[in-house]
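To keep things clear, I will list the structure first and then write my remarks on it.
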Amino acid sequence: ATTTVGPEAPPASNGPTDAQLSAAKTKYPDATMDQLKLGHSLYFGACTRCHGANNPTRWDEKQWTGLLDDMAGKANISAAEKDAVWKYIMVVKLASK
């Protein structure tokens, strides 16, 4: 298992920004900075225990839904943690447009 970040992935050291939170709130009005930070932490923690991080723009929302549904159980994360990862991924996708 590897925890390295692939060249196409966003750097793990870059946490969510205020601009990303503002973007998130356009799609998810209930999003909070704490939630995005949790999603970022999980994405570069629980999600990369078995594989490297992937760029969130790699897949569309429907594909990410399936991936997260499948991977959440394997990573042993709660529904709230899965939601935080989802919002983090979607924010990165929004910011890349």
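The values are calculated or read from the model by the stated rules, or taken from the named source; none is laboratory data. Just so you know, these numbers come straight off a predicted model, no measurement behind them. Cβ placement follows ideal geometry from the backbone for every residue including glycine, while neighbour counts extend to all protein chains displayed. Just so you know, the surface numbers come from the protein's heavy atoms only, side chains and all, with ligands and any DNA or RNA stripped out. Shrake-Rupley method; radii C 1.70, N 1.55, O 1.52, S 1.80 Å.
When K37, K27 are checked against the criterion of being among the basic types (K, R) and either within 16 Å of N14 (Cα to Cα) or in contact with a Pro (Cβ under 9 Å, 6 or more places away or on another chain) (or both), K37 stands alone in meeting it. Restricting region 34-69 to residues that are open to solvent by 20 Å² or more (accessible area, probe 1.4 Å) and β-branched (V, I, T) leaves a set whose member that is farthest from K93 (Cα to Cα) is T65.
Table: residues versus (1) among the aliphatic types (A, V, I, L, M); (2) in a helix (DSSP H, G or I); (3) free of Cβ contacts under 8 Å to residues at least 12 places away in the same chain.
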residue: Q35; (1), (2), (3): no, yes, no
residue: T57; (1), (2), (3): no, yes, no
residue: D70; (1), (2), (3): no, yes, yes
residue: E81; (1), (2), (3): no, yes, no
residue: W86; (1), (2), (3): no, yes, no
residue: V91; (1), (2), (3): yes, yes, no
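Among the residues of region 70-95, just one is open to solvent by less than 40 Å² (accessible area, probe 1.4 Å), at pLDDT 90 or above and among the charged types (D, E, K, R), namely K87.
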